[in-house]
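Before any comments, here is the structure.
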There are 2 protein chains.
Amino acid sequence: MAAARQVTIREVALRDGLQSEREFVPTEKKLAVIDALSQAGIQCMETTSFVSPRAIPQLQDAAELMSRVARGNIIHEVLVPNLKGAQKAIVSNVDRVVVFISASEAHNQANVGCSIGDSLADLQTVYSLLKQHQVPAAGIIAVSFGCPYQGRVQKTDVLKIAQRFVDWGADRVMLADTTGMASPAQISEMIGYVQSHLPDVPLGLHLHNNRGVAMANLYAGYLAGITQFDTSLGGIGGCPNVPLAAGNLATEDVVFMFEEMGVATGLDLPGLIRAAQLLEKILQHPLPGRSPTGS
Amino acid sequence: MAAARQVTIREVALRDGLQSEREFVPTEKKLAVIDALSQAGIQCMETTSFVSPRAIPQLQDAAELMSRVARGNIIHEVLVPNLKGAQKAIVSNVDRVVVFISASEAHNQANVGCSIGDSLADLQTVYSLLKQHQVPAAGIIAVSFGCPYQGRVQKTDVLKIAQRFVDWGADRVMLADTTGMASPAQISEMIGYVQSHLPDVPLGLHLHNNRGVAMANLYAGYLAGITQFDTSLGGIGGCPNVPLAAGNLATEDVVFMFEEMGVATGLDLPGLIRAAQLLEKILQHPLPGRSPTGS
């Protein structure tokens, strides 16, 4: 298969990135970052999550953020863990909902406090509600490659969940390497396997950089035919329920790589670097992304 | 071509890594790091460089280090910029000499203060001296992909130098992305081009991570048939004559990736992480490598 000449970047700094930041970022400042990202051409974003404010205080302003954010230029996707979150997302008039589950029992217990079976039963009602309200839904499968508690994750476990999500109406499935345990070979193998069973379902990749391998994993995914990648401005991020989780791939680094290869992202690199500089100023600590400080 | 099941890691922390560190690391401590690397299975290392102590004060102890370092388990390679350096390397009884030049005129001027033509004339006498003393020699070509002063580097410019080096006796040519400007596509194209013209010459890759893309570049090189990679313990490094140069790829991250893919490196990952922890203690600042702190 010839590699794609165009890819889509889904910006996750506002949700996956910020949720690891201890200091609450005021809604006003989040809106300023979203505006800077919009100016750099970002068209798809995981803007916030309707989770318990006790679990993730950083995202306690989800409803307010969605009521104030500019509409039209960006598809605002919002992560929800359960029916209650989905109801709030619908009220907030989000563009798309992302439903998540973990591919390993131990991680699902740590992350949402129940078994995969119980989560799936809940999520079926979530998808049903979203369909009823005609809100598009995507599914994301955490720890699709390796789990910090259980080790390597089987392809069949990932496919089983992906199949359910698609049956229930997901128009896209994202595979997440939540703690950066995948290798490029495993990415190629997993993508090939899932694609062969679900050939019509768009797949995305969500990669973390705990061992510095995420960019090679992204490239392996690209070679395997993936055209949608989650990245985070400045490379911020992590998972609050995983020990020592590291950030996402930096949006600006990924865009540099694709544009250098003549693969269109539709994004403006200097604009992204300005947005990353704004974010760095807001967070008051250096960000892991390399491109802003590179020569 | 089927990808190789075995690769060689050439450890460059002691030379390329340390030369960017302001604080002089005493010989005793360098020897301790070399010992830790040896225990982790490292068999090939760029141990130091015979350059002007004024230019790189960190490596002023090259002769002393070579007189005290344990011999037998590790092939000690030493970088030299000119005839004077080569003479010192021969006296120090090094296992192999690495001769370097830049692929762009502007970078060669900045790095060694003369034109590529003048450098080549000097290096021919270096190779000749090494041959006379039966010291094996390799060549490394800096800024083989992009130059911070001149931009993208042409394949023909790289090949021309590689061809000279081989004619003069180099048994290996390493292509360096000195400031992390390459993309995976460019790596594949360059490797394919040079291999097609010099099919019998072992090529190596030396990659920097200025824009976070180096691991994808390494993976692209691996897919193109490269089996020797320069990496630096803890990801330390940079180039003193390049503005804002970033580190090399961390040895432990690269080893994690290859071993996860079932590609043998002959190295012990926990041992490398212990060595990186020792290095971090000596340098008294956090290192860019991810694996030591990853979950």
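The values are calculated or read from the model by the stated rules, or taken from the named source; none is laboratory data. This one's a predicted model, so the numbers in the text were calculated from it and none came from an experiment. Positions of Cβ are backbone-derived with ideal geometry, glycine not excepted, and every protein chain shown enters the neighbour counts.
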Residue that is farthest from the other protein chains (Cβ to nearest Cβ), among those in segment A:175-209 that are of a type in the set (S, T, N, Q) and in contact with a helix residue (DSSP H, G or I) (Cβ under 6 Å, 6 or more places away or on another chain): A:SER188
Could you list, in sequence order, the residues of segment A:196-222 that are part of a helix (DSSP H, G or I) and either surrounded by fewer than 17 Cβ atoms within 10 Å (Cβ to Cβ) or at pLDDT below 95 (or both)? A:SER196, A:HIS197
Going by what's in this entry, would A:PHE145 be described as within 14 Å of another protein chain (Cβ to nearest Cβ), crowded, with 24+ Cβ neighbours inside 10 Å and in contact with a Lys or Arg (Cβ under 9 Å, 6 or more places away or on another chain)? yes
Say we look at segment A:211-228 and pick out the residues that are closer than 12 Å to A:VAL254 by Cα and out of contact with any strand residue (DSSP E or B) (no Cβ under 6 Å at 6 or more places or on another chain); which of these is farthest from the other protein chains (Cβ to nearest Cβ)? A:TYR222
Can you tell me which condition A:ILE140 does not meet? The list is (1) out of contact with any His (no Cβ under 8 Å at 6 or more places or on another chain); (2) of a type in the set (A, V, I, L, M); (3) within 20 Å of A:MET190 (Cα to Cα), and all the others hold. (1)
Against the condition more than 16 Å from the chain's Cα centre (by Cα) and either at pLDDT below 95 or more than 11 Å from chain A (Cβ to nearest Cβ) (or both), how does B:ALA246 come out, does it pass? no
Which one of A:ASP16, A:ASP61 is under 25 Å from A:LEU175 (Cβ atoms) and not small (Gly, Ala, Ser)? A:ASP16
Would you mind finding the one in B:VAL97, B:VAL126, B:VAL112 that is within 20 Å of B:LEU159 (Cα to Cα), in contact with a helix residue (DSSP H, G or I) (Cβ under 7 Å, 6 or more places away or on another chain) and aliphatic (A, V, I, L, M)? B:VAL126
For segment A:41-51, name all the residues that are of a type outside the set (Val, Ile, Thr) and more than 18 Å from A:ILE236 (Cα to Cα). A:GLY41, A:GLN43, A:PHE50
Only one of (1) at pLDDT 95 or above; (2) surrounded by fewer than 22 Cβ atoms within 10 Å (Cβ to Cβ) is not met by B:GLY72, so which one is it? (1)
Please determine whether any residue of segment A:224-237 is at pLDDT 95 or above, under 20 Å from the mean Cα position of the chain (by Cα), in a helix (DSSP H, G or I) and among the polar types (S, T, N, Q). no
When segment A:1-31 is checked residue by residue, the ones that are farther than 23 Å from A:ILE56 by Cβ and part of a strand (DSSP E or B) are A:GLN6, A:THR8, A:ILE9
Note on segment B:113-169: residues of a type in the set (A, V, I, L, M), assigned to a loop (DSSP other than H, G, I, E, B) and closer than 22 Å to B:LEU207 by Cβ are B:VAL143, B:VAL153
With the structure loaded, tell me whether A:ARG10 is buried (at least 23 other Cβ atoms within 10 Å of the Cβ) and not aromatic (Phe, Trp, Tyr) or whether it fails that test. yes
Odd one out for B:ALA162, checked against (1) under 29 Å from A:PRO184 (Cα atoms); (2) in contact with a Leu (Cβ under 8 Å, 6 or more places away or on another chain); (3) among the hydrophobic types (A, V, I, L, M, F, W, C): (1)
Scope segment A:25-56; condition within 21 Å of A:ASN111 (Cα to Cα), at pLDDT 95 or above and not β-branched (Val, Ile, Thr); matching residues: A:GLU46, A:SER49, A:PHE50
Test B:ILE34 against the stated conditions and say whether it is of a type in the set (A, V, I, L, M, F, W, C) and either within 22 Å of B:ASN248 (Cα to Cα) or part of a loop (DSSP other than H, G, I, E, B) (or both). yes
Can you tell me which residues in segment A:170-186 are outside any strand (DSSP E or B) and either small (Gly, Ala, Ser) or surrounded by fewer than 23 Cβ atoms within 10 Å (Cβ to Cβ) (or both)? A:ALA170, A:ASP171, A:ARG172, A:GLY180, A:ALA182, A:SER183, A:ALA185, A:GLN186
How many residues are part of a loop (DSSP other than H, G, I, E, B) and in contact (Cβ under 8 Å) with a residue 40 or more places away in the chain if we restrict to segment B:85-112? 5
In the set A:SER67, A:SER52, which member is part of a loop (DSSP other than H, G, I, E, B), among the small types (Gly, Ala, Ser) and surrounded by fewer than 16 Cβ atoms within 10 Å (Cβ to Cβ)? A:SER52
Matching residues in segment A:253-291 (in contact (Cβ under 8 Å) with a residue 12 or more places away in the chain, surrounded by fewer than 19 Cβ atoms within 10 Å (Cβ to Cβ) and basic (Lys, Arg)) number 1
Yes or no: A:LYS160 modelled with pLDDT of 95 or more, farther than 30 Å from B:ASP253 by Cα and either in contact with a Lys or Arg (Cβ under 9 Å, 6 or more places away or on another chain) or basic (Lys, Arg) (or both)? yes
Going residue by residue through segment B:154-162, is there one that turns out to be in contact (Cβ under 8 Å) with a residue 24 or more places away in the chain and farther than 29 Å from A:ALA3 by Cα? yes
Which of the numbered conditions does A:SER144 fail, given that it passes all the others? Conditions: (1) among the hydroxyl-bearing types (Ser, Thr, Tyr); (2) farther than 18 Å from A:GLU46 by Cβ; (3) at pLDDT 95 or above. (2)
